[in-house]
Amino acid sequence: MSLYCEHFFPWFMEKMGDSSNEIIKALRRNANNGLRGDVLEVGFGIGHNTPYYPSEIASVTALEPNDGMIERAKRYVSGSNIHISFVKGRAEALSSFADSSFDCVLSTMTLCSVGSLSEALKEIHRVIKPGGTFHFLEHVAAPNPIDRNFQNILTPVTRTIFCGCHLNRDIEAAIIDAGFSIKDINRDQQRIGIMPKFLSYFIYGTGARK
């Protein structure tokens, strides 16, 4: 991992935050709704989801590949009432967790940056208990060709600036291909601040392990 991604990017994410943005707050709240029991959050970042954890959560395993993020996250979530344990690792390689280890898995703004989307979702499916749920909030490929072309052009730039972020992934199709049954999904276009239209496509919802 580059020095930029391990040191500057975590600082940027902490300083930028999203607690003052009502749209982001609402999206996170929706994604966290229904979480319960033992939860794995992949791509924990600095912990922006923690204010929206429901009381039904028993514990959270915070998976994060970036040491700089983990260092800042431990300070950020120090006041949480829910027990959070940190594990350094990637969503594509959850071998330290047995099959059917978690009641729920949460991913917000993470699947855009994993090395292999299909492998990450296959691993997430494996570690969820039968009948458990996968909760997601992701920005995704635009449904129209004009905006998707802009995304395709800019993805090499965002992969560098935002440490792996792909703007143009069809994450909904990948979730289904991984074996999840979509329980509910919202396909939303939300222009956040000065964000241009082609960056404004989000999905959030839940998928059940069959």
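Values in this text are rule-based calculations from the coordinates and carry no lab data. All values reported here derive from a predicted model rather than from experimental measurement. So basically every Cβ, Gly included, is an ideal-geometry build from the backbone, and we count neighbours across all protein chains shown.
Would you mention how many residues in region 161-210 are under 17 Å from the mean Cα position of the chain (by Cα), small (G, A, S) and assigned to a strand (DSSP E or B)?
Qualifying residue count for the region: 3.
Of all residues in region 6-53, count the ones that are of a type in the set (V, I, T) and not in a helix (DSSP H, G or I). Don't jump to the end; show me each part of the working.
Our first condition is that a residue be of a type in the set (V, I, T); within region 6-53, this holds for 23-24, 39, 42, 46, 50.
Checking which are not in a helix (DSSP H, G or I) leaves us with 39, 42, 46.
Matching residues across region 6-53 total 3.
Give me the residue from region 97-141 that is hydroxyl-bearing (S, T, Y) and touching a strand residue (DSSP E or B) at 6+ places or on another chain (Cβ under 7 Å) and, out of that set, nearest to F180 (Cα to Cα). Steps first, please.
Of all residues in region 97-141, those hydroxyl-bearing (S, T, Y) come to 100-101, 107-108, 110, 113, 116, 118, 133.
Going one step further and asking which of them are touching a strand residue (DSSP E or B) at 6+ places or on another chain (Cβ under 7 Å), we end up with 100, 107-108, 110, 133.
Working: S100: 14, S107: 14, T108: 17, T110: 18, T133: 9 Å.
It comes out as T133.
Take the residues in region 141-198 that are hydroxyl-bearing (S, T, Y) and surrounded by 15 or more Cβ atoms within 10 Å (Cβ to Cβ), then tell me which one is nearest to T108 (Cα to Cα).
To start, the set of residues in region 141-198 that are hydroxyl-bearing (S, T, Y) comprises 155, 158, 160, 181.
Adding the requirement that they be surrounded by 15 or more Cβ atoms within 10 Å (Cβ to Cβ) leaves 155, 158.
On the way: T155: 19, T158: 17 Å.
Result: T158.
Kindly check whether there is at least one residue in region 116-124 that is surrounded by fewer than 17 Cβ atoms within 10 Å (Cβ to Cβ), under 22 Å from R29 (Cα atoms) and in contact (Cβ under 8 Å) with a residue 24 or more places away in the chain.
No, region 116-124 has no match at all.
With the structure loaded, tell me whether L63 is under 14 Å from the mean Cα position of the chain (by Cα) and touching a residue at least 60 places away in the same chain (Cβ under 8 Å) or whether it fails that test. Write out each step before concluding.
Numbers: under 14 Å from the mean Cα position of the chain (by Cα): yes; touching a residue at least 60 places away in the same chain (Cβ under 8 Å): no.
So L63 does not fit the description; no.
Could you please find all residues in region 49-100 being surrounded by 13 or more Cβ atoms within 10 Å (Cβ to Cβ), touching a helix residue (DSSP H, G or I) at 6+ places or on another chain (Cβ under 9 Å) and among the polar types (S, T, N, Q)?
Residues satisfying the conditions are N49, T50, N66, S80, S100.
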